[in-house]
Amino acid sequence: MRLIVDTDTAGDDVFSLMIALTRPGVSVEAITIAHGNVGFAQHAENALATLEACGRGGEVPVYLGAARPLSRTPLAASYVFGADGMSDSGFPRAAQRPAPGEAADQIVRRIMAEPGEITLLAQAPLTNLALAVMMEPRIAQACRHLWIMGGTDNGVGNVTPAAEYNLYVDPEAAKIVLGAGFDVSIVTWTETLRDGLLTLDQLGELAALETPRSRFFMAVNRASLAFAQKTQGLGGSLHPDALTCALALDEALILDAEMCAVDVETKGELTRGYLSVSHPILPDAELADPDLPGKPPNARVIKSADRAGFFAAMKAALV
C-alpha cells in the first residue's frame, strides 16, 4: 500500500504513524501537517521525531499545510496531550526538517501523477484535504481510497455531545471532503470507544517489550492515558488514529461495516461538526418529510473491529 498521512501529530497520531512506518509492504510516501491538537509548528516536530524513533529519519518528506481552519478560529487539545502533544516528554529536535512545498499541493500532485495508486489516511481536521479538493476536484476519483478518523455514529462526541474533535474544528472542510466523491471509509469516535481502547494490562505488555519504540510509545502516551482515566473513567487509553491506520492496512480486522449516507452540520448552534449517519431504523426521507432530500450512501462507516488484532498491530509496531 502507498500512503499519504494527513495529521495533526500528537498523542495517538504518533502511534498511527508508527504502525504505518514499520509495516512491511507499506510505503509512506509523504506526511502532511494540519492545524489541530497543539501548536501547528509542533505537529511537524512531532512527526519528524516519530520518523526518527522508527528509524526512518530523512526517508519520508513532511510537508506543512493549513495552519488554521477554512473559516474558524483554531482550537487545540493540549489538555489531552500536553503542551507539546507528546506528554511534555522533551524529545530532542530531529535532524530532518520539513520539506519545501505545501501540503495540499503535494496531495494533488502525488495523487494526480499516479491515479488509483495512493491511499489517503486523514487523522486531523480535514482542511488540507478540502484545499486539495478545491484546487483539483478530480483527486476524489484519482485517490485509491480515503480513510477518515472523525465524527460520531449516532453517539456522543468528545468536544460536545454532538461532535468529535476533527469535524468540530473545521466542519466546513469536512463537508467539502465528504461531498467530493471519494471512495471513503470512516472510523468514528463511537467505534473508537467500542474497539479502540488499549487496556492497562495491554499497555503493561507493551511497556514490557523494553524496546526503544515501546519506550517512546509509553512516554508519548502518558498524558492521554491520564486524561482517559481521570476524565473519561476508562481503564486504559483510547487510540482512534492508530485503530484507523490498523484497519486501513489490514481490512481483515474489520468485523462489520455499513454503507451510509453521511453529511456534516456546519450551521447548528448546538450541533456544529455533527456527523449525520444514516441508520436502518429511520424511515425513508420522503416518508418522514417530503421536503427532506433523499441522499444515497456515500461512505463506508466501520461498525466493529477486531480488538485483539488491533492490539497485535500496535505491538508489532513497537518490537
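Details
- Options 308, 252, 299: the member that is of a type outside the set (S, T, N, Q), surrounded by 12 or more Cβ atoms within 10 Å (Cβ to Cβ) and modelled with pLDDT of 95 or more: 299
- Test: residue in segment 94-107 that is within 25 Å of residue 159 (Cβ to Cβ), under 20 Å from the mean Cα position of the chain (by Cα) and surrounded by fewer than 19 Cβ atoms within 10 Å (Cβ to Cβ): no
- When 210, 205, 172 are screened for being surrounded by fewer than 21 Cβ atoms within 10 Å (Cβ to Cβ), acidic (Asp, Glu) and not in a helix (DSSP H, G or I), only 210 passes.
- Only one of the numbered conditions (1) part of a loop (DSSP other than H, G, I, E, B); (2) touching a Lys or Arg at 6+ places or on another chain (Cβ under 6 Å); (3) of a type in the set (Ser, Thr, Tyr); (4) more than 28 Å from residue 57 (Cβ to Cβ) is not met by residue 185, and that is (1).
- For segment 139-157, the set of residues classified as buried (at least 20 other Cβ atoms within 10 Å of the Cβ), not hydroxyl-bearing (Ser, Thr, Tyr) and not in a helix (DSSP H, G or I) consists of 143, 146, 147, 148, 149, 150, 151, 153, 157, listed by residue number.
- Pairs with Cβ under 7 Å, 6+ apart, first in segment 20-49 and in contact (Cβ under 8 Å) with a residue 12 or more places away in the chain and more than 21 Å from residue 143 (Cβ to Cβ), second in a loop (DSSP other than H, G, I, E, B) and among the aromatic types (Phe, Trp, Tyr): 49/91
The rows are residues; the columns are (1) outside any strand (DSSP E or B); (2) within 30 Å of residue 21 (Cβ to Cβ).
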| residue | (1), (2) |
| --- | --- |
| 257 | no, yes |
| 270 | yes, no |
| 273 | yes, yes |
| 282 | yes, no |
| 286 | yes, no |
| 300 | no, yes |
| 303 | no, yes |
| 315 | yes, yes |
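- Filtered by the rule that a residue be surrounded by fewer than 18 Cβ atoms within 10 Å (Cβ to Cβ) and among the charged types (D, E, K, R), segment 264-296 gives 267, 269, 284, 286, 289, 291, 295.
- Criterion (of a type outside the set (Lys, Arg) and closer than 28 Å to residue 230 by Cβ) met by exactly one of 63, 79: 79
- Among the residues of segment 55-71, those that are crowded, with 21+ Cβ neighbours inside 10 Å and not aromatic (Phe, Trp, Tyr) comprise 60, 62, 65, 66, 69.
- Just so you know, in segment 10-35 the residues that are charged (D, E, K, R) and part of a helix (DSSP H, G or I) include one that is surrounded by the fewest Cβ atoms within 10 Å (Cβ to Cβ), and it is 12.
- Among residues that are part of a helix (DSSP H, G or I), crowded, with 17+ Cβ neighbours inside 10 Å, on the phi < 0 side of the Ramachandran plot and in contact with a helix residue (DSSP H, G or I) (Cβ under 7 Å, 6 or more places away or on another chain), residue 133 is included.
- Checked across segment 50-57, the condition of being touching a Pro at 6+ places or on another chain (Cβ under 8 Å) and touching a residue at least 60 places away in the same chain (Cβ under 8 Å) holds for at least one residue.
- Pairs, first farther than 13 Å from residue 18 by Cβ in segment 224-248, second in a helix (DSSP H, G or I) and of a type in the set (Gly, Ala, Ser), C-beta under 6 Å, six or more apart: 234/228; 237/224; 237/228; 238/228
- Segment 175-199 - residue that is polar (S, T, N, Q) and closer than 16 Å to residue 261 by Cβ and, of those, surrounded by the most Cβ atoms within 10 Å (Cβ to Cβ): 188
- Tally, over segment 185-241, of residues that are farther than 20 Å from residue 159 by Cα and among the small types (Gly, Ala, Ser): 7
- Whichever residue in segment 73-90 is surrounded by fewer than 19 Cβ atoms within 10 Å (Cβ to Cβ) and not in a helix (DSSP H, G or I) and, among such residues, is farthest from the chain's Cα centre (by Cα): 90
- Tally of residues being closer than 20 Å to residue 54 by Cβ and either among the hydroxyl-bearing types (Ser, Thr, Tyr) or over 19 Å from the mean Cα position of the chain (by Cα) (or both) across segment 108-124: 1
The values are calculated or read from the model by the stated rules, or taken from the named source; none is laboratory data. Values in this document were obtained by computation on a predicted structure and should not be read as measured data. FYI the Cβ positions are ideal-geometry reconstructions off the backbone, even for glycines, and counts take in every protein chain you see.
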